[in-house]
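Okay, so here's the structure we're looking at.
The values are calculated or read from the model by the stated rules, or taken from the named source; none is laboratory data. Values in this document were obtained by computation on a predicted structure and should not be read as measured data. Quick reminder, even Gly has a Cβ in these numbers, built from the backbone with ideal geometry, and neighbours come from all protein chains shown. Just so you know, the surface numbers come from the protein's heavy atoms only, side chains and all, with ligands and any DNA or RNA stripped out. Shrake-Rupley method; radii C 1.70, N 1.55, O 1.52, S 1.80 Å.
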Amino acid sequence: MCGIIGYIGDKKASEVLITGLSRLEYRGYDSAGIALMKNKDIFIYKAEGKLNNLVEVLKDKKNICDSSHIGIGHIRWATHGLPTTVNAHPHTCNCKSLTLVHNGIIENYQELKEELEKYGCKFVSQTDTEVAAHLIAHEYGKYKNLLKAMQAAVKKIQGAFAFCAIHKNEPDKIVVAKRNAPLVIGLGENENFIASDIPAIIEYTKKAIYLNDYQVGVVEKNSIEIYDDDGHLIQNKIEHLPFEAMSISKMGYKHFMLKEIHEQGDVVRNIISGKFVGSDKIQLENFKLTNNEINNISRIQIIACGTSLHAGMVGKYIIEKYAKIPVDVEASSEYIYRDTIADKNTLVIGISQSGETADTITAIKQVKAKGSHIVIITNRADSTMARLADSLLPVNAGIEVSVAATKSYMAQVISLYLLAIYLSEEKDLKEYKDEIKKLKKELVELPNKIEQLLENSKNIKEIAKKYSSYKNFIFIARGINYPSALEGALKLKEISYINATGYGAGELKHGPIAMLDENMPVLAILNTGVVYDKVLSNCEEAKARQAKLIGVTNYLANKDKALFDDLIMIPTVSDILSPALNIIALQLLAYYIAEYLGKDVDQPRNLAKSVTVE
Ligand code: G6P
């Protein structure tokens, strides 16, 4: 996580850096800082907390801000050391000649620190980054050249990094390096830009070079040089960036999260657009396996984290049902450190809204080496994960600003429906033809139902207010909505800090029931379908322990209504597609509870939207 930015050109560097950092806030927001070069002097400004605090600090520094045209900046998500001003980047060496910003984690920083202390280096922060600043400065002492110092230093560093460094003795350049953390160099006329991610620079340029792992670059106003690991000068491809300058307006909504929840009808429309033509088989142009290879798939492994993991769990139900291929779903962080079994007949699906999640990237690299075909479902077709894909299924949900994923989850889930249908049709599983026909029709109708649910969400707001003082919640569901229960509970935890846990409803009596009393509301998802009666019985069990009961349902017999303290009705939908509607009710419930409690909905504490450390 963390976002880094650099600028060299004729513009006021401070303005480019602050604008860029504001576009990188999704990567972290516990402190921020910039370093500005002016006449061989480096001025460092930092502030704890949100970026606005740094903007306040800079108001008194107008003179420097208006006259510096080279600078680097950073927005932090703390890994080593508290989110204090002293731990905020940029960091420097003792003589303050060298200044550095860093995204990633330096795994051997303790060993390096001990070594550097022997040379007299004094450390003021608790960060791993400060060790890198001292190390590069130490190498500079030997080489008297920032490029060479960086090249020597990165060979001694273990872990992940994207670095931007400036040095007083070489005031006309920024030196960059990368390993397992994203870094893009934007190309301009008489100016160049460096950033962790495109949104930070897209309003200035549409041309960029992606730095690859183990490369080091020298960025000047009118030139860019890239060197490989052996120090050879090389050329990286210039790419056209796939974005328009993004609109980050809330469009009248109080928070981005609410706006993004309301965009989900259109997200579904976009994804299914042009996919169902007449009675033809669905086309997935980017899916690269031949029909023969699809018939040889012996198993599918879905790897993801957080909300994307829950989307994967929905995918398991649908793919197993319609494509008749066994599917395992696993958290990437657990997948990595195990002897996983995969081969060329294993289809691996990596799901990630950011495409930059470190654990998922590592897992994908591991399994790719075993010869498995890699499908990536991501909202960022320009991401590291997208580049690892054999088949890329971009979901194009649009930029999601709020840290809590909502529309990107919807997009992933809908893509998995399409993939399941595609696999079933390619395998020519005739027994599902009729069901799939119905499912396609329902998918086409889904956007309108989503909008109907959103329009009638007043009672969700009222229920949210009623339950906002509870400290704990249990969410239960069964079957295809079990992941909805997990995701609904996760949403509530993330943005309201209320302790909410999702369980398979059948598991309630195997432990969690011990916690039930009048202070522990139970939210149950019940849809007409095979598990309806079972979940209803689980609700009875909860009620018998005096738990308050909230039902989320598309149908409830009159005789059963009295069991529930509150009901959230969703539009009529089949069991198989119900996760796409139920989740919206749960997103809104979490949103309104957090909003009522006055929480920072779009930037919840301790979280980040892109988790680039393992
Ligand atoms: C973070 C985000 C979550 C996201 C998870 C996985 O924790 O806050 O919203 O689900 O990372 O991220 P990915 O980008 O791989 O989907």
Summed over the other residues with a beta carbon less than 9 angstrom from that of D566, with K and R at +1 and D and E at -1, the charge totals 0
Set of segment 524-546 residues, backbone N closer than 18 Å to the point 7 Å along the Cα-Cβ line of L567: 524-529, 532-541, 543
Percent of Cα-Cα pairs per 10 Å bin, from 0 to the last occupied bin, for segment 131-236, please list those. 15, 50, 30, 4
Overall Cα dimensions of segment 194-242, principal axis frame, Å, largest first: 34, 22, 16
In whole angstrom, the spacing between the Cα centers of segment 565-610 and segment 295-350 equals 26
Quick one: net charge of D41's neighbours, Cβ under 11 Å, K/R +1, D/E -1? +4
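Given an 8 Å cut-off on Cα distances and at least 6 residues of separation, report the relative contact order of segment 264-418 as a percent.
Averaging sequence separation for qualifying contacts and normalising by length gives 26 percent for segment 264-418.
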Can you send over the solvent-accessible area of D533, 1.4 Å probe, protein chains only, in Å² to the nearest 10? 100
For segment 185-265, what relative contact order do you get, as a whole percent, if you take Cα pairs closer than 8 Å and at least 6 residues apart? 26
Summing +1 for each Lys or Arg and -1 for each Asp or Glu, what net charge is found among the other residues whose Cβ lies under 10 Å from the Cβ of N145? +1
Are there any chymotrypsin sites (Phe, Trp or Tyr not before Pro) in segment 282-352 that are in a DSSP loop and have at most 14 other Cβ atoms within 10 Å? List them by number. Y337
About the Cα centre of segment 201-273, how large is the charge dipole given +1 on each Lys and Arg Cβ and -1 on each Asp and Glu Cβ? Please answer in debye to the nearest 20. 580
What is the percent carbon and sulfur in the accessible area of segment 256-451, measuring with a 1.4 Å probe over the protein chains and ignoring ligands? 49
Counting helices only, and only those DSSP H runs with n ≥ 4, report the 222 nm mean residue ellipticity of the chain as the sum of -39,500 (n - 2.57) divided by its residues, in deg cm²/dmol to the nearest 500. -11000 deg cm²/dmol
What angle, in degrees between 0 and 90 and rounded to the nearest 10, separates the Cα long axis of helix 532-543 from the longest principal axis of the Cα atoms of the chain? 80
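Could you report segment 458-596's accessible area per residue, 1.4 Å probe, as an integer in Å²?
37
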Please compute the contact order of the chain in relative form: average sequence separation of alpha-carbon pairs under 8 Å and at least six residues apart, divided by the residue count, as a percent. 11
Give the ranking of H102, H69 by solvent-accessible surface, highest area first, calculated with a 1.4 Å probe. H69, H102
Write down the percent of antiparallel bridges among all DSSP beta bridges whose residues are both part of the chain, to the nearest 5. 60
Using θ = phi - 60° and the Karplus relation 6.51 cos²θ - 1.76 cosθ + 1.60, list the HN-Hα couplings for segment 516-530 in order, rounded to whole Hz, with x at every Gly or Pro. 6, 7, 5, 9, 10, x, 10, 9, 10, 9, 10, 10, 4, x, 4
Angle between the Cα long axis of helix 109-118 and the longest principal axis of the chain, 0 to 90 degrees, nearest 10? 20
Which residue, I302, I374, N53, has the largest displacement toward the positive end of the dipole of the chain when charges sit on each Cβ (Lys, Arg +1; Asp, Glu -1)? N53
In degrees rounded to 10, the 0-90 angle between helix 433-455 Cα long axis and the longest Cα principal axis of the chain is 70
State the Cα centre-to-centre distance between segment 257-291 and segment 413-474 in whole Å. 13
Do any trypsin sites (Lys or Arg not before Pro) in segment 533-598 lie in a loop, going by DSSP, with at most 16 other beta-carbon atoms within 10 Å of their beta carbon, and if so which? R545
Please say if segment 458-596 is rounded, prolate or oblate, where rounded means a/c under 1.5 for a ≥ b ≥ c the square roots of the C-alpha gyration tensor eigenvalues, and otherwise the choice is prolate for a/b larger than b/c and oblate otherwise? rounded
